[in-house]
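Okay, structure first, notes after.
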Ligand SMILES: Nc1ncnc2c1ncn2[C@@H]1O[C@H](COP(=O)(O)OP(=O)(O)OP(=O)(O)O)[C@@H](O)[C@H]1O
Ligand SMILES: [Mg+2]
């Protein structure tokens, strides 16, 4: 009997995993379990990141962050649960290649050779991966997405997760996680024309394309810029401006906040317009808006005006009780499809 109980415990344990998105202002982490083929989120938390501990997607002070993750993970039996992590797409080279050869074996042979041309880095410094998109446009080979991630960036994240007591199983790219959400969780029942994720220091725009990986770009703006601009306009310290921003529209903050949302929306609009020739628009855009800054009441309306769009705030993820985990968790939600248990069980 006791043996059966311990077997069931082990099975239950192996069916749980974590997904982590390390941001400059908060680490978004969630625990998942398998439920009939899909991933069900058990719990989620946004762990605060002290200023400077994460810069440009690189973890600079891992001690304090590892402790916070370890406390959340809280395994009492010394087990190292598997984890899926996202590294920032801005540190990753992603290229679409048309390659000869129809089989995976043939591709394995040519991919490294092709990468020497396609990747402007010493191949010794990057981890190469590829994904077959389908037949090439000429029909004689395959269209392949080549991904080259700097080893230092991967190792930096792996080291944080290992020292937090987790077993890194898959390192994904935040761009891909958002791209997956566009396919899996359409806004209003339809695929959104763009997914816009506004964090603290960066904004990621993903434009899905049928039968392709879509287009993704990052802008170096986000909620932190808005806080700093608000502090300047109201002549208050940064932390006070952050509180005012999060408190919604106080009489003093309302007008400047609205105009700062308008400038942020205009900036994002310029980023999105880079894709305009690719986007044959016949109807207003449907924008899915996520990221910690998506809850800013003025941002959705500002984007709707600037982009001529219907804007819907999306988290991509509901907690077990049905409550949404919040739009800051969109990257984590996009990672949920990468179930590491399937990998470790093989
Ligand atoms: N209630 C709120 N109202 C307005 N803004 C908020 C609120 N809660 C969080 N934010 C803002 O969301 C931002 C953090 O979002 P998020 O967690 O997505 O960023 P991050 O992933 O840490 O940053 P990045 O990916 O850009 O490095 C901060 O700028 C914060 O001020
Ligand atoms: Mg982020």
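None of 85, 30, 45 is over 25 Å from residue 149 (Cβ atoms), touching a helix residue (DSSP H, G or I) at 6+ places or on another chain (Cβ under 7 Å) and within 15 Å of ligand 2 (Cβ to nearest atom) except 45. The residue list 169, 194, 200, 187 contains one member that is modelled with pLDDT of 95 or more and either surrounded by fewer than 18 Cβ atoms within 10 Å (Cβ to Cβ) or farther than 16 Å from residue 145 by Cα (or both), which is 200.
Of all residues in the stretch 188-216, those that are without any contact (Cβ under 8 Å) to a residue 40 or more places away in the chain have Cβ atoms under 7 Å from Cβ atoms of residues that are more than 9 Å from ligand 2 (Cβ to nearest atom) and assigned to a strand (DSSP E or B), 6 or more apart or on another chain, in 206/194; 206/195; 206/216; 214/206; 214/207. Might you let me know whether the stretch 203-216 holds any residue that is assigned to a helix (DSSP H, G or I) and surrounded by 14 or more Cβ atoms within 10 Å (Cβ to Cβ)? Taking every residue of the stretch 203-216 in turn, none turns out to be assigned to a helix (DSSP H, G or I) and surrounded by 14 or more Cβ atoms within 10 Å (Cβ to Cβ). Filtering the stretch 287-310 to residues that are within 22 Å of the chain's Cα centre (by Cα), modelled with pLDDT of 95 or more and more than 16 Å from ligand 2 (Cβ to nearest atom) leaves 300, 303. Among the numbered conditions (1) modelled with pLDDT under 90; (2) assigned to a strand (DSSP E or B), the only one that residue 117 does not meet is (2). A single entry from 141, 91 fulfils the requirement of being surrounded by 14 or more Cβ atoms within 10 Å (Cβ to Cβ), under 20 Å from residue 159 (Cβ atoms) and modelled with pLDDT under 90: 91. Within this structure, residue 246 passes the test of being surrounded by fewer than 16 Cβ atoms within 10 Å (Cβ to Cβ), within 16 Å of residue 296 (Cα to Cα) and within 15 Å of ligand 1 (Cβ to nearest atom). Looking at the stretch 131-179, which of its residues are in contact with a helix residue (DSSP H, G or I) (Cβ under 7 Å, 6 or more places away or on another chain) and part of a loop (DSSP other than H, G, I, E, B)? Those that are in contact with a helix residue (DSSP H, G or I) (Cβ under 7 Å, 6 or more places away or on another chain) and part of a loop (DSSP other than H, G, I, E, B): 164, 165, 166. Residues of the stretch 1-60 that are in a loop (DSSP other than H, G, I, E, B), at pLDDT below 95 and in contact with a strand residue (DSSP E or B) (Cβ under 6 Å, 6 or more places away or on another chain): 15 alone.
The values are calculated or read from the model by the stated rules, or taken from the named source; none is laboratory data. On a predicted model such as this, the values are computed, not experimentally measured, just so you know. Glycine also receives a Cβ, built like all others from the backbone with ideal geometry; neighbour counts cover every protein chain displayed.
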